[in-house]
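A short write-up of the structure that comes next.
The values are calculated or read from the model by the stated rules, or taken from the named source; none is laboratory data. Here the structure is a predicted model, which means the values were calculated and not measured. So basically every Cβ, Gly included, is an ideal-geometry build from the backbone, and we count neighbours across all protein chains shown. Remember, those area values only see protein heavy atoms, side chains included, never the ligands or the DNA or RNA. Shrake-Rupley method; radii C 1.70, N 1.55, O 1.52, S 1.80 Å.
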Amino acid sequence: MQDHLEKPDTVSREEPCLVDTGRGFSVSYRNRFLYSKYAPERAVLSTIDSFVMLPGSLVLAFSPALWLGLPELLKKLPESSFVLGIETDCLLHEFAENQLQKLKSSSENPAFSKVAMLPFVENEYLVNILSGMSKSRCESLPHISTFRRALPIDMSAGTQFDKENYGKIAALAQNAIASFWKNRITLTKLGRLFSRNIFKNLPRLPESIPFGSLRGSVSIPIFVFGAGESLETTLKTIPKSLLERCFIIAVDAAAPALKAHSLKIHAVCALEGQLAIEKAYIGGSAKESLIIADMCSRERVTSHTQRAVTYFASKFTDAEFFTGMCKKDFFPPAIPSLGSVGLTAVYVALMLRESQNIPVFITGLDFSFSLGRTHAKNTPAHIARLCAMDRLNPAENYAAAFRMGAKEIKGKNNTSVFTDTALEGYSASFADFFSGTVNLYDAGEQGLPLSIQQISSEKLAAYLETLDSTAASAIRGQDLHFSETSPKEKAHKIHEIREYLEKEEKSLNRIKELLMFGKDVASCSCSVEEELHALIEPREYLFLHFPDGYKCTPSDISFLKRVRGQIDFFLKDIKNELKEMDADKRR
């Protein structure tokens, strides 16, 4: 695109035009000047002067046009920061891109390497690019791990043409960076546990019910029970005889409370991977229930049922080892990682219902608590408080309401409740995933609003009473009818799982050998470092939980030492699972 020089009073072109104001250049576009006619640089320099940048900032330079003030912006730019130009207007994008190329070619300032223009077609995919799900043509853009925040700055008045969209881009970029570090914290704490649980659950897959075969299998109303305090209210206000007219799904922590109420639980949703969740199964609360378990959940929980087990896989990471497993025939289908067992139970309920005409009711998903309480009665948390109670430790848990991060807010029905950042995050995630879902109702009368239709206990009871006695009788006895896996399919799964585990065992032993003996056992076709990289990179479970586990760096001796420390854990698990499969075969 050629530059055009015109006087301010003669401009009437559709394309962006350079305008000589006598005090510098401005740009005219769509009958508007993007910089002042009198002092083009003054406004942007003033903005940059007041712009506060901390280390690790991704500066989103919105509508940069002439890139006025860029040298001054680069002077303030910390070492670990980057300037990314973004323009949502096609013609202005081309104009700004040309201007940046001219600035880079005419300047020897090395700081210009920290500036790039996001390709126009990638504006809608910035989040995917930052999170690594999509590759950008902007090769100089650093990995998201470089950044701690996204800082928007208006570089010209061109932002006024699409102000709402720029606001969305800034919010999405900030959320992407925040989500990355939130996920890193989760994976650092639990990444190895999740990975090990997957390996431990693999031998149980051949005997399980295929998750996909349950889709659309429930033709009656579904009731999802969480472990929040509203569970108590629902059990008190709606007669048991009416609740039994629904297909009951309970999160694992809510199962003991429903058993204490003598309510039949058709399915229990298990997501927790840690030992503490075993308390939810004491007393046989899931003995007669289908257990719907995550592959990342604790492997022992599936032994608490005399019925059947089915597995799904929460997509807790985009790592190559996990995506590779998802492509295997023996592996269950992946679902979005929702973070909360309550959200996952609702997702499963919507998948189970025969059609959108089947209503799904939820209660106990409060994402908040009242003063002195955190969960409903007869849940593991409540029972633990009762067991530990003495003169100095009351049954009431007041500390929860006054811990760091807890706060009091207005919840449903304008009642005061306590919550924290994590619980609020789950509530927001619930709204993002399920807002607007047809025939999904919130039957809980306290807690944070869930952005779905609310239904009172009276209306819900009245609805359940409309079912005639014949239908009600059939509903009470209804259960899921499982399709048995044929011996041939079972044998095929066992063979594939064994083959996969043996391959992993062989690869881990080879990594161990290379780390111990180095060049003495090196391959003739490649160097030790190249072979280590080829073996370690697709097995992120070895380093996913490292603080820097978002990258594979076999050239770093510290990284290799840490990887070596993890190999024995996974080798032990794989050998145990292979032995278990051998024992099952002999039986």
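Here are a few things to note about the model shown:
- Pair list, Cβ under 7 Å, 6 or more apart: the range 120-144 residue assigned to a helix (DSSP H, G or I), other residue of a type in the set (Ser, Thr, Tyr): Glu122/Ser136; Asn123/Thr88; Tyr125/Ser134; Asn128/Ser134; Ile129/Ser136; Ile144/Ser131
- 3 or more residues open to solvent by 40 Å² or more (accessible area, probe 1.4 Å) and modelled with pLDDT of 85 or more: qualifying helices (runs of 4 or more DSSP H) within the range 467-570: 487-517, 528-536
Every residue, every condition in (1) over 30 Å from Pro142 (Cβ atoms); (2) touching a residue at least 60 places away in the same chain (Cβ under 8 Å); (3) aromatic (Phe, Trp, Tyr), yes or no:
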{"site": "His545", "(1), (2), (3)": "no, yes, no"}
{"site": "Gly549", "(1), (2), (3)": "no, yes, no"}
{"site": "Thr553", "(1), (2), (3)": "no, no, no"}
{"site": "Phe559", "(1), (2), (3)": "no, no, yes"}
{"site": "Gly565", "(1), (2), (3)": "no, no, no"}
{"site": "Asp573", "(1), (2), (3)": "yes, yes, no"}
{"site": "Met581", "(1), (2), (3)": "yes, yes, no"}
{"site": "Asp584", "(1), (2), (3)": "yes, yes, no"}
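- If you check Ser303, Ser285 for being out of contact with any Asp or Glu (no Cβ under 8 Å at 6 or more places or on another chain) and in a helix (DSSP H, G or I), only one passes: Ser303.
- Considered as a group, the residues in the range 404-445 that are aromatic (Phe, Trp, Tyr) and open to solvent by less than 30 Å² (accessible area, probe 1.4 Å) include one that is nearest to the chain's Cα centre (by Cα), and that residue is Phe430.
- Tally, over the range 32-50, of residues that are open to solvent by less than 30 Å² (accessible area, probe 1.4 Å) and in a loop (DSSP other than H, G, I, E, B): 4
- From Tyr398, Tyr347, residue being open to solvent by 50 Å² or more (accessible area, probe 1.4 Å) and at pLDDT 95 or above: Tyr347
- Enumeration of residues in the range 364-409 that are at positive phi and in contact with a strand residue (DSSP E or B) (Cβ under 7 Å, 6 or more places away or on another chain): Gly364, Phe367, Gly372
- In the range 14-31, the residues that are open to solvent by 20 Å² or more (accessible area, probe 1.4 Å) form Cβ pairs under 8 Å with partners that are modelled with pLDDT under 80 and of a type in the set (Lys, Arg), at six or more places apart or across chains, as follows: Asp20/Lys7.
- Test: Leu275 is aliphatic (A, V, I, L, M), in contact (Cβ under 8 Å) with a residue 12 or more places away in the chain and within 30 Å of Ser456 (Cα to Cα): no
- Residue match in the range 288-299 (condition: under 23 Å from the mean Cα position of the chain (by Cα) and open to solvent by 10 Å² or more (accessible area, probe 1.4 Å)): yes
- For the range 359-395, the candidate set comprises residues that are in a helix (DSSP H, G or I) and within 27 Å of the chain's Cα centre (by Cα); within that set, the residue that is nearest to Thr421 (Cα to Cα) is Ala381.
- Residues of the range 72-95 satisfying the condition of being open to solvent by 20 Å² or more (accessible area, probe 1.4 Å) and touching a residue at least 40 places away in the same chain (Cβ under 8 Å): Ser80, Thr88, Asp89, Leu91, Glu94
- Residue within the range 201-209 that is within 25 Å of the chain's Cα centre (by Cα), basic (Lys, Arg) and closer than 28 Å to Gln566 by Cα present: no
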